[in-house]
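I'd like to ask some things about the structure below.
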Amino acid sequence: MQDILKLKEVLEIPQNIIITTHHKPDADALGSSLGLYNYLIKKGHQVTVITPSDYADFLAWMKGNDKVVVFSDGNESLSQSLVNKADIIFCLDFSNLKRIKELGELVRNSSAKKVLIDHHREPEQFADYGYHDVGSASTAQLVYKTIVAYGDKHLVDKDIAECFYAGIMTDTGSFKHPNTNKEVHEIVAELIDLGANNSEVSRLIYDTNSLDRLKFLGFALSQRLKVFPEYHVAYFAISMKDLEKFKSRTGDTEGLVNYALSINGITMAALFTESEEGVKLSLRSIGDFEVNTLAAHYFNGGGHKNAAGGISYKSLDDTVAFFENIIKEYSVQLKNKKPIETYV
Ligand code: 5GP
Ligand code: MN
């Protein structure tokens, strides 16, 4: 994989470019993609963002959202023809082509030059150019740093800055996670300088709930949260029926797992969400406990040390039972000095 700075000269002439990101894109995935999209358009390229699936409505304000091709919304053959025509394919915020499902095979088989920009652990070796940094809090800041390194900081306008700001804000848990270092603050300060309205981006992402979503949150907290004080673990298990009852939309469960992690004394929190494709798992941890290793070992997944995900093809009940057995194996590593005083 060559350094991404070597790509600069390739980008001096207009190219046909695809940008893709992971399944169910979050703000970092979509923000880094649309920030890069708007920049490359300014540079005179032909660019399309293809996402493997749909994403939350609270991301729809990003500039270029209306041009995104959602692969799973009946755009399989359109995506195939766009990939066939592509000279360059950017892969953002994922490190393994499995993460973009069928679209991954199109990318793998394409003769286009592939570029990986990402911060997840253990990248697959499929790219020609790359900028991979597991120490980076977000992919958005890696894309921003690439643009700056290309000497194009002046092209980052308010819209682009807000796309990147959104990615950094959410991947740092609003500047709360341990990945929030000095560089993060320096970059967001630059983005604000470039026009990003930080308060408005935060409102658009966090304070645009539907009433159904808030009622669902109340239901999940009171009925679907299970705590294991002896293991310092808490989880939510949400069925498709639960989701239907609260007219849940894509993105409505985002952030839920953090409520389980916020219980004093918890080391690891999980969210199991039943879907047509299987039971989606989100894992979060505090401190040295590595959830990406657990996700990779038992749930075909991966991610970061303190935030990872995966999938199970067992039923929801069987998945949860399986998980309850797994945590027993990890009881020593899960030990936390803080006792859990209150639990349901
Ligand atoms: P979330 O729980 O928010 O869906 O994901 C947390 C982190 O784990 C994200 O960085 C995400 O990219 C990663 N992740 C989530 N699901 C999967 C998965 O199925 N496979 C892999 N490799 N990573 C995942
Ligand atoms: Mn990310």
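Determine which lysines satisfy two conditions relative to Lys245: a Cα distance under 23 Å, and not lying fewer than 8 residues away in the same chain.
Within the straight-line cut-off, Lys245 pairs with Lys24, Lys215, Lys226, Lys280, Lys314.
Between Lys182 and Glu9, what is the label-point separation in nm under the 7 Å Cα-to-beta-carbon projection?
That separation, rounded to one decimal, is 3.5 nm.
Just to confirm the number: angle between the C-alpha axis of helix 182-193 and the first principal axis of the chain, 0 to 90 degrees, nearest 10?
Approximately 60 degrees, to the nearest 10.
Continuing with the same structure: Percent of Cα-Cα pairs per 10 Å bin, from 0 to the last occupied bin, for the range 211-334, please list those.
14, 49, 32, 5, 0
So what's the angle, to the nearest 10 degrees on a 0 to 90 scale, between helix 158-171 and the longest Cα principal axis of the chain?
The angle comes out near 30 degrees.
Across the range 2-206, how large is the tail of the calculated P(r) beyond 31 Å, expressed as a percent of all Cα pairs?
Numbers: 2154 of 20910 pairs.
I get 10 percent for the Cα pairs in the range 2-206 exceeding 31 Å.
Describe numerically, in nm with one decimal, the distance between label points set 7 Å from Cα along Cα→Cβ at Ala149 and at Phe219.
4.7
Determine the principal axes of the Cα atoms in the chain, then give the extent along each, sorted from largest to smallest and rounded to whole angstroms.
The principal-axis extents, from largest down, are 61, 41, 39 Å.
Give a residue-ordered list of calculated ³J(HN,Hα) values for the range 11-18 (Karplus: 6.51 cos²θ - 1.76 cosθ + 1.60, θ = phi - 60°; whole Hz; x for Gly, Pro).
Running phi through 6.51 cos²θ - 1.76 cosθ + 1.60 with θ = phi - 60° gives 7, 6, 10, x, 10, 8, 10, 10 Hz.
If you take every DSSP beta bridge fully contained in the chain, what fraction is antiparallel? Give it as a percent rounded to 5. Let's see the in-between values first.
On the way: 20 of 49 bridges.
Of the beta bridges lying entirely in the chain, close to 40 percent run antiparallel.
Need the full-extension length gain, Phe126 to Asn16, defined as separation in residues times 0.36 nm minus the C-alpha distance. One decimal, nm.
Details: separation 110, 0.36 × 110 = 39.60 nm, distance 1.95 nm.
In short, 37.7 nm is gained.
Same structure, new question: How many percent of DSSP beta bridges within the range 211-334 run antiparallel, rounded to 5?
Numbers: 20 of 26 bridges.
Percent antiparallel among DSSP bridges in the range 211-334 is about 75.
Find out how many positive minus negative residues lie around Lys226, taking Lys and Arg as positive, Asp and Glu as negative, among other residues whose Cβ is under 13 Å from that of Lys226. The partial results should precede the final answer.
Working: positive: Arg224; negative: Glu230, Asp317, Glu324.
Taking every other residue near Lys226 into account, the sum is -2.
Starting from the 7 Å offset along Cα-to-Cβ, what nm value, one decimal, do you get for the label separation of Lys43 and Lys85?
My value for the distance between the label points is 2.0 nm.
So, counting K/R as plus one and D/E as minus one, what does the shell of residues with Cβ under 9 Å around His22 add up to? Each step should come with its number before you reach the end.
Values: positive: Lys24, Arg99; negative: Asp26, Asp93.
Computed value for this residue: 0.
If packing is taken as the average number of other Cβ atoms within 10 Å across a peptide's residues, how do 22-30, 146-154 rank, most packed first?
Working: 22-30: 25.6, 146-154: 14.3.
Averaged packing, sorted descending, gives the order 22-30, 146-154.
Still on this structure: So, in Å, what gap is there between the alpha-carbon centers of the range 1-78 and the range 187-231?
The distance from the Cα centre of the range 1-78 to that of the range 187-231 comes to 24 Å.
Using the beta-carbon distance between Glu324 and Asn209 and R0 = 41 Å, what value does 1/(1 + (r/R0)^6) give for FRET efficiency, to the nearest 0.05? Working shown, then result.
Details: r = 31 Å, r/R0 = 0.76.
Once rounded, the FRET efficiency stands at 0.85.
Further question on the same structure: List the chymotrypsin sites (Phe, Trp or Tyr not before Pro) in the range 258-344 that DSSP assigns to loop (not H, G, I, E or B) and whose Cβ has at most 15 other Cβ atoms within 10 Å. Which are they? The partial results should precede the final answer.
On the way: sites: Tyr259, Phe272, Phe289, Tyr298, Phe299, Tyr313, Phe322, Phe323, Tyr330, Tyr343; in loops: Phe289, Phe299, Tyr313, Tyr330, Tyr343.
Listed in order of number, the matching sites are Tyr313, Tyr343.
Another one. In degrees between 0 and 90, to the nearest 10, how far off the longest principal axis of the chain does helix 316-329 point, with axes built from Cα atoms?
That works out to roughly 80 degrees.
Every number in this text was worked out from the coordinates using simple rules, so none of it is lab data. Computed from a prediction, not measured in an experiment: that's the story for all the values here. All Cβ positions, even for glycine, are placed from backbone atoms using ideal geometry, and neighbour counts span all protein chains on display.
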